[in-house]
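These notes are about the structure you will find just below.
What follows draws every value from the coordinates through simple rules; no lab data is involved. Small disclaimer: the values here were computed from a predicted structure and weren't measured.
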């Protein structure tokens, strides 16, 4: 019985060491489309097109959201309709801004880095 347990532990160890994530561009984990300036908060909104579930996990949203207010979106990417690649983090209380609550409300994310999708 001990030999089976030892064999199982060794097999699991080998699987953990040899399995690696195949990510072709680890710098930019997400793809999104810029929707335009949000009338409620005055910041640009984006809609994730890939890795939506991961974006929701980072943002801490309970339901699957596609659209977010993008705090710190670079000025050169603030063009409605363009596709971008970006890396994000959860918004902190100190990052939040003022919204009027008179337009559509979306969860916020903080853009760490972004570039136009080629």
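How much mean residue ellipticity at 222 nm does the chain get from its helices, if each DSSP H run of length 4 or more adds -39500 (n - 2.57) and you divide by all residues, to the nearest 500 deg cm²/dmol? It lands at -6500 deg cm²/dmol. Taking 76, 65, 31 as the candidate residues, the one with maximal mean-square fluctuation in a Gaussian network model of the chain, Cα springs under 10 Å, is 76.
For the chain, averaging the sequence separation of C-alpha pairs within contact (under 8 Å, six or more residues apart) and dividing by the residue count gives a relative contact order of 28 percent.
Quick one: helix 2-18 against the long Cα principal axis of the chain, what's the angle to the nearest 10°, folded into 0 to 90? Compared with the principal axis, the helix lies near 40 degrees. If both residues of a DSSP beta bridge must be in region 25-116, then about 85% of such bridges are antiparallel. Springs between Cα atoms under 10 Å define the GNM used for the chain, and in it the highest mean-square fluctuation of 94, 67, 49 occurs at 94.
Considering the convex hull of the alpha carbon atoms of region 25-116, report its projected area averaged over all viewing directions, in nm², one decimal. Average of the hull's projected areas for region 25-116 equals 5.5 nm².
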